[in-house]
């Protein structure tokens, strides 16, 4: 009964979120309140399910980016990029998406989106064209690029920690397929957008004659902010060695930035997108009810029952199932719930195949399953607007700049690209591991 109630509340909440008739933050918090009031999950279990690493990361990076934005830094970058590309929208898109993919692989895709989307919006305003297709593509590419490394996408951090997989193993196993997915994606968007945008010659001329450094209004604080950001990024790279979560590094760094830049703390903290933060908290709590009441374990049992002893079939079910579920859930809590299910798969196949050597189990059974989960969860986040943290943050920044992005507008592009990437990943897993 509790499992049915948990599913019902989540499905109703999701339908309201997708319909966009009610603010999604209100829906998520009401859903979380319902699972708590009906005792589908205890308060302690609900709080434990909230990933404060993600919450702290968002708050810290939003705070830092706002402080940096007041110096004119983003305007300077925007004018510089537009001038370098000579006002050509396709060249700008190619440049921005390539930078997004690389940064998302070695930073964090949410961080990348928080930094690049304001720049993109400013560039498009200079060119007098809509930034909406550009920022949607950036969110999709951030999820693609973030898939390649241990630190690029939060689900990978969870998988790497729980499965004992190294930074290098992520690059070696996921890097090749991510490059293929990105190249095919770029070819597809060229077909979609290559000749769609037109910028009048007088605007191109104005962009070519622009002087980027005139956009800087506070050089001293810009330098201070960038120095703190350098420390934050260094902390991201070294977080495993330091044994400090990226969210703690981001939050601490943003407070240091407040101090050294002498910003008004109350005003700055009010600029954090608290609606996004509470949306995540509500979603984490609703999904906790699904996990606590056995919904995810039930799914895992039936996957094994369906696939029998065929490891490749289980990998494909995990890949596509993770993609579809991650497109309607948020991929971070989804991966957290999938980790114990994948462990069940590893034990089951090790026993049925009679393999006892832990190294052989890891190479032949565990790794194909973990890589399938990582690819499905990270790339599946592109399916819908609420499938990945980067998508939600991108939409909120765009809406704040008077360019609202509806659930269906994102779905029109995202779901097709998600299916495209899953087909490529299916072929890759078959060729490489079987």
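Derivation of every value follows stated rules applied to the coordinates shown; laboratory data play no part. Just so it is clear, the structure is predicted and the values come from calculations on it, not from any experiment. Here the Cβ is made from the backbone with ideal geometry for all residues, glycine too, and neighbour counts use every protein chain on show.
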- Separation of the residue 352 and residue 39 label points, Cα + 7 Å toward Cβ, nm: 3.9
- Query: Counting pairs of alpha carbon atoms under 8 Å apart in space and at least six apart in sequence, what relative contact order in percent does region 193-261 give?
  - Reply: 32
- Cα centroid of region 174-227 to Cα centroid of region 100-136, whole Å: 8
- Task: Only residues of region 53-81 count here: report those whose backbone N is under 19 Å from the spot 7 Å along Cα→Cβ of residue 219, or say none.
- Result: 68-80
- Query: Want the number for residue 12 to residue 243: 0.36 nm per residue separation, take away the alpha-carbon distance, what's left?
  - Reply: 79.2 nm
- Message: Between residue 274 and residue 22, how high is the FRET efficiency from 1/(1 + (r/R0)^6) when r is the Cβ-Cβ distance and R₀ = 25 Å? Nearest 0.05.
- Response: 0.90
- Does anyone have the angle between helix 274-292 and the longest principal axis of the chain? Alpha-carbon axes, 0 to 90°, nearest 10? 10
- Query: Based solely on its DSSP helices, what 222 nm [θ] is calculated for the chain when runs of n ≥ 4 H residues each add -39,500 (n - 2.57) and the sum is averaged over all residues, nearest 500 deg cm²/dmol?
  - Reply: -25500 deg cm²/dmol
- Sequence of 370, 90, 320 once ranked by neighbouring C-beta atoms within 10 Å, starting from the fewest: 90, 320, 370
- Item | the chain: angle of helix 311-328 to the longest principal axis, Cα-based, in degrees nearest 10 | 50
- What is the projected area of the convex hull of the Cα atoms of region 1-157, averaged over all directions, in nm²? 11.3
- With labels modelled as points extended 7 Å from the Cα through the Cβ direction, what inter-label distance (nm, one decimal) is found for residue 5 paired with residue 298? 1.4
- Geometric extent, Cα atoms of region 52-274 - Rg, Dmax (angstrom): 18.3, 56
- How high is the FRET efficiency from residue 234 to residue 205, r the C-beta distance, R0 35 Å, rounded to 0.05? 0.30
